[in-house]
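Below you will find the structure I want to go over with you.
The values are calculated or read from the model by the stated rules, or taken from the named source; none is laboratory data. Please read these numbers as outputs of a predicted model, since none were measured by experiment. For neighbour counting, all protein chains shown are included, and Cβ atoms are generated from backbone atoms with ideal geometry for every residue, glycine included. Ligands, DNA and RNA are excluded from the accessible area calculation, which covers all protein heavy atoms including side chains. Shrake-Rupley method; radii C 1.70, N 1.55, O 1.52, S 1.80 Å.
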Amino acid sequence: MTDAFLQQRLLDINSDLAERLGIEKTDNPENIVVDFSGPNIAKQMHVGHLRSTIIGDCICRMFEFAGHNVIRQNHIGDWGTQFGRVILGFWHLCMADKHGNPYYLSELEKLKEYAKDKERLEELCCKIRDRHEQDYLADVYEEHGEYGDGKRHFGPFLAKVASEEHDIREKIQPVYQFVSTLEDSVAGMGLSIPTRNSQKEPISIPYESLSRHITAMLQRGGHEDVQEREAWKIAKHDTLEQCQKIYDLLKVTLTEKDVRGESEYKDDLPGIVEDLKKLGLAKESEGATCVFPEGFLGKEGDPLPFIIRKSDGAFLYATTDLAAMKYRIGELKADRIIYVTDARQQLHFKMLFATAKMAGWLDDDIELCHVTFGTMMGTDGRPFKTRSGENVKLADLLTEAVEQAKRVVEEKNAELSDEQKQEIAKAVGIGAVKYADFSNNRTTDYVFSFDKMLAMEGNTAPYMQYAYARVKSIERKAVSKGIDIAAELAGIKKLSITEGAESDLAKHLIRYGEAIRLARADCKPNCLTAYLFDLAQKFSSFYNACPVLIAGEDKRPTRLLLCDLTARTMKHGLNELLGIETVEQM
RNA sequence: GCGCCCGUAGCUCAGUCGGAUAGAGCACUGGUUUCCUAAACCAGGGGUCGCAGGUUCGAAUCCUGCCGGGCGUACCA
């Protein structure tokens with residue numbers, strides 16, 4: 001690389017008025033659908049959603065910057081089995097209301113406590129089941145030979161809930177957990193519970209499959225379930241509101257308009273199954289409707305099914321994903337679809353892609369891409385959980401990160417105002433969580449540690465943010481010394497790069513576009529963080545070796561330019577592409 | 001059993017469509033503040049790239065086998 005070339009590139013970047021640091025847009029803009037985040041209804045976002053959410057967001061930002069038309073799709077889990085659990089949860093809320101006792105709270109604790117004590121667990125489950133049966137039967141009536149349930153208590157309760165949604169807000173999540181935990185607990189105990197089938201005939205089913213039974217009935221499209229759907233809407237709205245707060249906190253570019261959940265495809269599901277049957281691809285097998293894509297083998301070497309309808313008639317995520325894919329190709333005109341999920345879903349997506357291909361739903365030029373990532377581990381080397389083995393809520397994790405960052409700020413910079421400290425703590429804490437994730441190779445598991453991610457040394461958010469703050473500090477000092485940076489940079493025609501640190505920094509600055517290209521091509525944010533870390537290191541060396549403001553007239557403009565380009569590049573990378581905040585002072 | 005991912009310095013990891021003495025960070029050792037933020041910088045030690053073959057002028061990288069770990073493998077997502 002000649003000096004002339006290097007200087008010309010730096011001057012070109014400096015004079016780029018489009019704020020693109022001299023990086024061109026693509027000549028070939030595509031419609032790129034990115035499916036990411038996808039939290040579940042009635043469950044708070046937990047650490048399991050973090051990676052998909054922020055990696056997916058980064059991918060969107062990178063393709064958008066390249067000039068593509070990115071269509072974000074938050075494929076939330078609001079149909080499927082959770083649906084039945086939410087309804088069952090509401091039923092328990094109703095019964096708790098009737099008894100004047102929120103039994104689900106204390107019983108949830110006990111179910112967890114007795115998890116390893118089979119005898120006591122069984123005793124508790126029997127007690128719960130017996131009360132359930134009594135409550136259910138007390139709410140059933142028969143008139144003129146017609147069998148109905150929920151007319152006395154559950155129906156009116158749901159009507160009340162629909163009109164007083166704020167009252168229910170706090171209760172959905174614990175009761176949902178209660179239902180899930182109860183289901184897990186009673187599995188294999190051989191308990192059964194009375195309910196009805198879709199012909200409104202009384203039947204008895206295994207207790208652990210009650211929520212699935214409800215799901216299946218609702219998916220068959222019972223018109224008498226209007227109330228349940230109304231209540232479910234409240235739960236969904238509530239969950240999304242909580243999620244949006246977290247997206248905003250994380251600086252993730254998802255909004256309500258990007259939400260298109262599983263339920264949006266519910267009316268398409270029977271058609272999907274029919275179409276695949278007509279094409280001769282879907283067959284009945286062990287009561288379920290399955291596609292057997294070529295090349296997928298099960299344990300005994302037999303063909304592996306891609307199940308699109310369960311034996312109880314309910315649809316599942318395979319069906320929904322097929323419907324979503326048709327929508328994205330047909331309505332959104334996707335040229336490329338990127339799915340961002342954990343690596344465990346690889347087989348599902350391989351079979352999904354194979355099925356869509358066999359069905360002829362894919363033009364050859366449509367690219368399907370499954371971007372996977374590893375599990376977040378605790379420092380003990382096991383998947384990151386709380387001490388009691390539960391998923392860590394994302395809201396709690398982020399709060400903790402900001403608090404820990406606040407402590408560091410207090411320690412390092414006690415003289416700042418409270419407001420400044422809080423702002424810095426937020427940028428550093430949230431930034432640290434995101435940066436730690438981005439800087440690790442997507443495909444491998446990574447160990448989550450507050451201590452490491454909040455360290456000032458090494459490839460961390462605070463180190464980057466500090467480097468940025470130091471550049472900004474030079475600018476502030478320049479103003480107080482009466483140096484007009486804008487004027488010096490505008491009039492710059494020729495650079496003077498003599499020191500090794502200057503040249504190292506300069507050469508690195510002109511390679512930003514290359515780093516972005518690499519990161520985007522493989523959907524690997526760590527390529528970008530590696531570049532930015534190198535940049536911060538090279539700047540720090542330069543900062544130490546080459547004084548800027550006291551440099552002679554011959555050197556100062558060049559050094560000011562290097563500072564300015566460093567700041568612009570770091571800010572662009574951190575803010576625009578990674579969604580990590582920078583602060584002017586720290 | 002089969003499939004996918006991983007195995008690189010004491011620790012955490014980059015580098016993997018072949019290219020020169022294999023790179024960071026942490027930790028460890030020593031040094032640097034009359035000068036723009038020391039949350040920094042500089043210097044140093046430390047690696048048979050899991051093992052064994054093969055392809056190649058050249059392999060951490062590609063191929064085969066093995067060992068070790070993780071995940072998945074019919075009605076959860």
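Looking at the structure I just gave you, is A:E576 farther than 30 Å from A:A414 by Cβ, open to solvent by less than 10 Å² (accessible area, probe 1.4 Å) and among the acidic types (D, E)?
no
Given the options A:K333, A:K310, name the one that is closer than 24 Å to A:N69 by Cβ, open to solvent by 30 Å² or more (accessible area, probe 1.4 Å) and modelled with pLDDT of 90 or more.
Within the list A:K333, A:K310, the selection yields A:K333.
Out of the range A:85-101, which residues are open to solvent by 60 Å² or more (accessible area, probe 1.4 Å) and in contact (Cβ under 8 Å) with a residue 40 or more places away in the chain?
Listed by number, the residues that qualify are A:D97, A:K98.
Next up: Pairs needed: first member in the range A:305-320, touching a residue at least 60 places away in the same chain (Cβ under 8 Å); second member anywhere, assigned to a strand (DSSP E or B) and buried (at least 20 other Cβ atoms within 10 Å of the Cβ); C-beta distance under 6 Å; at least 6 residues apart or different chains.
Close Cβ pairs satisfying both conditions: A:F315/A:R309.
What's the number of the only condition in (1) over 22 Å from A:I205 (Cβ atoms); (2) within 16 Å of RNA strand B (Cβ to nearest atom); (3) not charged (D, E, K, R) that A:N101 fails to meet?
Tallying (1) over 22 Å from A:I205 (Cβ atoms); (2) within 16 Å of RNA strand B (Cβ to nearest atom); (3) not charged (D, E, K, R), A:N101 fails exactly one: (2).
Specify the residue that is most open to solvent (accessible area, probe 1.4 Å); the eligible residues are those in the range A:150-191 that are of a type in the set (G, A, S) and closer than 19 Å to A:T81 by Cβ.
A:G188
Would you mind listing the helices (runs of 4 or more DSSP H) fully within the range A:431-505 where at least 1 residues are surrounded by fewer than 16 Cβ atoms within 10 Å (Cβ to Cβ), small (G, A, S) and more than 10 Å from RNA strand B (Cβ to nearest atom)?
On the way: elements: A:450-453, A:461-480, A:485-490.
Counting at least 1 such residues, we get A:485-490.
Now a separate question. Identify, from the list A:L297, A:L304, the residue that is surrounded by 15 or more Cβ atoms within 10 Å (Cβ to Cβ) and over 19 Å from A:V33 (Cβ atoms).
Details: A:L297 fails: surrounded by 15 or more Cβ atoms within 10 Å (Cβ to Cβ).
Within the list A:L297, A:L304, the selection yields A:L304.
Exactly one of these conditions fails for A:E400: (1) open to solvent by 50 Å² or more (accessible area, probe 1.4 Å); (2) in contact with a Ser or Thr (Cβ under 8 Å, 6 or more places away or on another chain); (3) not polar (S, T, N, Q). Give me its number.
(2)
Does the range A:52-79 hold any residues that are closer than 23 Å to A:H237 by Cα, part of a helix (DSSP H, G or I) and either free of Cβ contacts under 8 Å to residues at least 12 places away in the same chain or not acidic (D, E) (or both), and which are they?
Result: A:S52, A:T53, A:I54, A:G56.
Name the single residue, out of those in the range A:507-523 being within 11 Å of RNA strand B (Cβ to nearest atom) and surrounded by fewer than 21 Cβ atoms within 10 Å (Cβ to Cβ), that is farthest from A:L21 (Cα to Cα).
A:D522
Next question, about the same structure. Does any residue of the range A:437-455 turn out to be among the small types (G, A, S) and closer than 25 Å to A:Y247 by Cβ? Spell out the reasoning first.
We begin by selecting, within the range A:437-455, every residue among the small types (G, A, S); these are A:439, A:449, A:455.
If we keep only those that are closer than 25 Å to A:Y247 by Cβ too, we end up with A:439, A:449.
Within the range A:437-455 (the criterion being among the small types (G, A, S) and closer than 25 Å to A:Y247 by Cβ), the answer is yes, since at least one residue qualifies.
Let me ask you something else. Pick from the range A:358-379 the residues that are farther than 18 Å from A:R344 by Cα and within 24 Å of the chain's Cα centre (by Cα): which of them is least open to solvent (accessible area, probe 1.4 Å)?
If we take residues in the range A:358-379 being farther than 18 Å from A:R344 by Cα and within 24 Å of the chain's Cα centre (by Cα), then A:G378 is least open to solvent (accessible area, probe 1.4 Å).
Sticking with this structure for a sec: Name the residue that is most open to solvent (accessible area, probe 1.4 Å), counting only residues in the range A:1-20 that are within 37 Å of the chain's Cα centre (by Cα) and farther than 23 Å from A:V252 by Cα. Full working, then the answer.
The first filter runs over the range A:1-20 and keeps only residues within 37 Å of the chain's Cα centre (by Cα), leaving A:13-14, A:16-20.
Still in the list and also farther than 23 Å from A:V252 by Cα: A:13-14, A:16-18.
Values: A:I13: 10, A:N14: 33, A:D16: 32, A:L17: 162, A:A18: 65 Å².
Once the filter is applied, the top-ranked residue is A:L17.
Taking only pairs six or more apart or across chains, which ones have beta-carbon atoms under 7 Å, a first residue in the range A:374-398 that is closer than 9 Å to A:H46 by Cα, and a second residue that is away from RNA strand B (no atom under 12 Å from the Cβ) and open to solvent by 50 Å² or more (accessible area, probe 1.4 Å)?
The qualifying pairs are A:N391/A:K385; A:V392/A:K385; A:V392/A:T386; A:K393/A:Q44; A:A395/A:Q44.
Find all pairs meeting these conditions: Cβ atoms under 9 angstrom apart; at least six residues apart or on different chains; first residue within the range A:282-300 and within 18 Å of A:G271 (Cβ to Cβ) and hydroxyl-bearing (S, T, Y); second residue open to solvent by less than 50 Å² (accessible area, probe 1.4 Å) and in a strand (DSSP E or B).
A:T289/A:A282; A:T289/A:I308
Are any residues in the range A:380-392 surrounded by 12 or more Cβ atoms within 10 Å (Cβ to Cβ) and either in a helix (DSSP H, G or I) or in contact with a helix residue (DSSP H, G or I) (Cβ under 8 Å, 6 or more places away or on another chain) (or both), and if so, which ones?
A:F384, A:N391, A:V392
If you don't mind, another one. Out of the range A:11-46, which residues are acidic (D, E) and in contact with a Gly (Cβ under 6 Å, 6 or more places away or on another chain)?
First, pick out the residues of the range A:11-46 that are acidic (D, E): A:12, A:16, A:19, A:24, A:27, A:30, A:35.
Result: A:D12, A:D16.
As an exercise: evaluate A:K571 against (1) under 37 Å from the mean Cα position of the chain (by Cα); (2) outside any loop (DSSP other than H, G, I, E, B); (3) of a type outside the set (A, V, I, L, M); (4) near RNA strand B (Cβ under 9 Å from one of its atoms) and give the number of the one condition it does not meet.
(4)
Starting from residues that are open to solvent by 20 Å² or more (accessible area, probe 1.4 Å) and among the hydrophobic types (A, V, I, L, M, F, W, C), keep the ones in the range A:36-82 and report whichever is nearest to A:A395 (Cα to Cα).
Among residues in the range A:36-82 that are open to solvent by 20 Å² or more (accessible area, probe 1.4 Å) and among the hydrophobic types (A, V, I, L, M, F, W, C), the one nearest to A:A395 (Cα to Cα) is A:I71.
Just checking, which of A:T319, A:T341 is surrounded by 20 or more Cβ atoms within 10 Å (Cβ to Cβ) and part of a helix (DSSP H, G or I)?
Just one listed residue meets the conditions, A:T319.
Hand me the list of strands (runs of 3 or more DSSP E) wholly inside the range A:199-294 holding 1 or more residues that are among the hydroxyl-bearing types (S, T, Y), more than 23 Å from A:G360 (Cα to Cα) and more than 16 Å from RNA strand B (Cβ to nearest atom). Give the steps one after another, and end with the answer.
Working: elements: A:202-206, A:282-285, A:288-291.
Filter on the range A:199-294 gives A:202-206.
Report yes if A:P206 is surrounded by fewer than 17 Cβ atoms within 10 Å (Cβ to Cβ), at pLDDT 80 or above and within 15 Å of A:L88 (Cα to Cα), otherwise no.
Here the answer is yes, as A:P206 does meet what is asked.
Being in a loop (DSSP other than H, G, I, E, B) and either open to solvent by 20 Å² or more (accessible area, probe 1.4 Å) or farther than 18 Å from A:L509 by Cα (or both) is the filter here, so list the residues in the range A:536-551 that pass it.
Matches in the range A:536-551: A:P547, A:L549, A:I550, A:A551.
Same structure again: Take A:T529 and decide whether it is among the β-branched types (V, I, T), over 21 Å from A:E30 (Cα atoms) and open to solvent by 70 Å² or more (accessible area, probe 1.4 Å).
For A:T529, the condition - among the β-branched types (V, I, T), over 21 Å from A:E30 (Cα atoms) and open to solvent by 70 Å² or more (accessible area, probe 1.4 Å) - is not met.
Right, something else. I'm trying to understand the selection: among the residues of the range A:19-48, which are β-branched (V, I, T) and out of contact with any strand residue (DSSP E or B) (no Cβ under 7 Å at 6 or more places or on another chain)? Before you say what the answer is, go through the steps one by one.
Let us first name the residues in the range A:19-48 that are β-branched (V, I, T), namely A:23, A:26, A:32-34, A:41, A:47.
Within the range A:19-48, A:I23, A:T26 qualify.
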